[in-house]
1. For labels at L60 and F202 in the simple 7 Å Cα→Cβ model, what's the distance in nm?
2. Highest mean first, what order results for 218-231, 240-253, 132-145 on Cβ atoms within 10 Å?
3. Can you tell me the orientation of helix 42-63 relative to the chain, as the angle in degrees between its alpha-carbon axis and the longest Cα principal axis, to the nearest 10?
4. Distance in nm between label sites at K128 and F180, each 7 Å beyond Cα in the beta-carbon direction?
5. Going by average Cβ neighbours within 10 Å, how do the peptides 21-28, 43-50 rank, with the highest at the top?
6. For the range 223-301, what class follows from the C-alpha gyration tensor (a ≥ b ≥ c being the square roots of its eigenvalues): rounded when a/c is under 1.5, otherwise prolate if a/b is larger than b/c, else oblate?
7. Most exposed first by the Cβ proxy, i.e. fewest other Cβ within 10 Å, how do K269, K164 rank?
8. Taking neighbour counts of Cβ atoms within 10 Å as a proxy for exposure, in what order, fewest first, do Y356, Y265 appear?
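Taken together, the values in this text are just the output of simple stated rules run on the coordinates, not laboratory data. For clarity, every value in this text was computed on a predicted model and none was experimentally measured. Note that we place each Cβ from the backbone using ideal geometry, even for glycine, and neighbour counts take in every protein chain shown.
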Amino acid sequence: MNQKPHILPLIIVSQFTCTSLWFAGNSILERLIEKTNLGTEIIGYSLSSVQFGFIIGSLLFAILMIADRFSPSRVFMICALLAALCNLFLLDDQITKWTLIGVRFGTGFFLAGIYPVGMKIAADYYEKDLGKALGYLVGALVFGTALPYLISGGWNNDPVTVIKTVSGLAVFGGISIWLFVPNGPFRKPSAQLQWAAGIRLFKISPFRKAAFGYFGHMWELYAFWAFTPLAIHTYNTTQATAISVPLWTGISIALGSLSCILGGYLSQKMGSLKVAKIALASSGFLCLLSPMFFVLPSELFLFGWCLWGMAVVADSPQFSTLVAGSIVPELKGTGLTLVNAIGFAISIVSIQLLSYLSNEIHTPYLFLILALGPFLGMLNLKSKSP
């Protein structure tokens, strides 16, 4: 039993502040469009480059077993400082398309030392109640993801203020982890590299099933987040409404933090697998209903979109719990990082696909392609339980 009640709140706050960097570029798209002369394709460039950086970073961290060989808190802190530095380059007045891609790639690369490493730190402290702990932790990531939009839509829409605020918060979060969260009691460091560890992990049936369920979830999640502003803008155009795009994008994403926390508590009674299945099936169903949202009154459109925002992410911490619980402690960091890397690679495909189809398909029907992820994820989980 963890005897340090301050640990989880500190991890949550640090995860929240550091992951606010994720969508920082997407929250100031108007400024970036002006400076780079790009069109709507900038949505895909800005986020996919972060995802690609995260993938490369995650694979490198997994291959070198960074989180299992070195102090996770120190890794977290160093990566937070470097990610914040990359983010500040978005304020460069001479920024170009390739500079944008480069600094967003760098931000994503160092986020690989924040998100999965934060889960590793939690796993080192919480063995029995990991589902609940990760519910809070992923909830913090979700709220951090929404933060740039909330700042832009509800407090200050000046891009300089947005970028400086989230960068400063990331520095604060990284230093806080390093100063106040030592190595956890359940940490078992690996003494040497195990080059074939990733291949061996996928031979473990419970690990493989949990990982493939997570991959289905990731096909949908980030594409939904990335194109929510386009959905709200389209609704405003077709229905002659004036819904605040940044504010309601932030709200629809942020509400997912509540469902992650609720799912964490439910997992203690129902089990992580059942909670993950319910959330994945619910988000897939709402995905299929999404074309109907665009003909509803604005209140019902926002209600439906926010409900989808809650369902689309609620399974994430529970899949991570299933992954962590299926492998030996000394490989938890590697396993979580590897699954994250593959999941984010899948998210690039769905983001780029929607970016391409956004010029070919009427927006209300654009999101239907995302139902493929929940469908395949449920198909995988329908077989023998992990």
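1. Output for this residue pair reads 2.2 nm.
2. 132-145, 218-231, 240-253
3. Helix 42-63 sits at roughly 10 degrees to that axis.
4. 2.5 nm
5. Order by mean packing, descending: 21-28, 43-50.
6. prolate
7. The fewest-first ordering by Cβ neighbours comes to K269, K164.
8. Fewest to most other Cβ atoms nearby, the residues stand as Y356, Y265.
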